[in-house]
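First comes the structure, then the notes that go with it.
Every read-out reported here was derived from the displayed coordinates using simple, explicitly stated rules and does not represent laboratory data. Please read all numbers here as calculations on a predicted model, not as lab measurements. Here the Cβ is made from the backbone with ideal geometry for all residues, glycine too, and neighbour counts use every protein chain on show.
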Amino acid sequence: MRAFGLLSIAFTAGCAGVHGDARISTTGAMQMDAASVRVTTLATSQPATTTGVVAKTVSASAFVDSIGLNTHFNYGGTAYVDAEPAVVNAIVNLHVKHVREGMLYPFETQFPTYRDAVAKLSAAGVRDIGGVQASDLTAADFKARWATWFDSVGGSAWVEASEPPNECDLNGCLANSPAYQKTLYETIKGYAPSSSVRVFGPAFANASSYAGMGDRSRILDDGNAHLYLLSQPPETTGLCRVSDACAGGANLGSTIGNTYSLEHQLVAARVVSANKAIVNTEAGYCTTVAADGNTRYNDMPRSVQAAYWPRYLLHAFADVGIPRSYVYDIADDGLSPPTFDQCGLIDAHAKPKPSYRILKKLLDTVEDPGPRYRPAPLAFTVVANTNVDGIPIEAVALGSRNGNYTLALWNPVSVWYQQSGNGGNASHPLAVAPISANVSLGTSFASASMTTFDPATGAAITTPLNLKAQITVSIKPTITLVTLRK
């Protein structure tokens, strides 16, 4: 949700627009339990003027379920192979139940770390997108191998979805994409043990490739997209052309396409999936730094990655309505820095980065396992004590079955200036002053606490709050959590 100026937030029930619980449904549409909240904005320049916008209360369990991780357990010379147990533990300890590992064949005779990881993750309740990793695996090969591979990895105990070859517009297989999609769908649905496996559409690197594919919604369950924002903050809005330096940031380059915000990229992907839900199977913020100290178009310091990832996942789910986003990826791929080698939440030695620590604390705080749950709207008011100069403040309330809530608050501004184009050492952090705000609750709670984070280390500081007084919070570009307990 977004509101401007001095914020007075009042929640009411009975209207559509808020995620209570969301999932990728058997019909392919995103299922939501809705409850509405109304935000009244008091503009700093005109205190008597009010405008209404919709904000959201979401199910905590649905939010946790909206997160997936890309993995590469066949990447030799990386943590995936050299420290495979540590990478598996990092996934399990994060409470994430969805990975995008892919279909490796022949499973029985190759990739021992892959087989071991599949066994451990499957036992922990994690499920995979069994997609086609290699663009040279023809549709005929896929059809011949699917049943054997599916059974060998444990069937639906491991595989919950599949997808065609990755980014065919970059890998020379674009012309065959329509026929491949048809073969994929008919093969998976035609094999009785895998008939319930969800079939995703293709994900492309260029927006124009979706238009060339056309509407294929009859041969997919869910759409597919790779919603990278490069070095820009998650809440970036509008269109960024290839020739532009967006918000003082990155020149996208011809392989990325002209669309930039999450919403704009989804418009392109819907050409293929029509009105069906779109799963975000890749999104990443990378911490690569070249040997000369320069940064590339999608690079940033670890502290910026740590500030942006929780915001991205909350915003994508609660504001944009994306049912699941897969982080690219759990671990750095290597020590040398080609563009996407260091996008992990943990490093090449399987050590947590600050982004992992903050995300883990967020998920530890809100994890709420169990069946679907629709939380009641949370009543609260936020009033800023400092002039925010029209900058929006974001707030998402995550409700749990036991009546507890966690209120995530943040200032959705950029904390990193990325020099336009690849290379260049003019990129630098942006200092952002905290916004002091008061939170008043419309519901009584037994206790409350506030958690703030240091994006440089990922360290969390949790302090108790006095519910007899108005709660004062410091809203920063890194999330602040206010936990309310019954």
*Sequence of Thr381, Thr57, Thr78 once ranked by neighbouring C-beta atoms within 10 Å, starting from the fewest*: Thr381, Thr78, Thr57
_Pairwise centroid distance, computed over Cα atoms, of region 54-87 with region 138-161, Å_ = 22 Å
*Take peptides 345-357, 166-178 and line them up by average Cβ neighbours within 10 Å, highest first, as a rough protection proxy.*
345-357, 166-178
*Just order 87-93, 443-449, 279-285 by mean Cβ neighbour count inside 10 Å, highest at the front, would you?*
279-285, 87-93, 443-449
_FRET E, pair Ala456, Ala157, Förster distance 56 Å, beta-carbon r, rounded to 0.05_ = 0.85
*Taking the Cα centre of region 66-187 as the origin, how large is its charge dipole in debye, to the nearest 20, when only Lys and Arg (+1) and Asp and Glu (-1) carry charge on their Cβ atoms?*
240 debye
_Peptides ranked, highest mean first, by Cβ atoms within 10 Å: ranges 222-232, 401-411_ = 222-232, 401-411
*Dipole of region 64-366 (Lys/Arg Cβ +1, Asp/Glu Cβ -1, origin at the Cα centre): which of Thr281, Ala83, Leu363 lies farthest to the positive side?*
Leu363
*What are the chymotrypsin sites (Phe, Trp or Tyr not before Pro) within region 157-198 that DSSP puts in a loop, where the Cβ has at most 11 other Cβ atoms within 10 Å?*
none
*Could you calculate the contour length gain from Glu186 to Gln470, that is, 0.36 nm times the residue separation minus the distance between their Cα atoms, to one decimal place in nm?*
96.3 nm
*Which value, in debye to the nearest 20, describes the size of the charge dipole of region 64-366 about its Cα centre when Lys and Arg Cβ atoms bear +1, Asp and Glu Cβ atoms bear -1, and nothing else is charged?*
560 debye
_Among Phe317, Gly155, Asn74, whose Cα projects farthest towards the positive end of the dipole of region 64-366, with charges put on the beta-carbon of Lys, Arg (+1) and Asp, Glu (-1)?_
Phe317
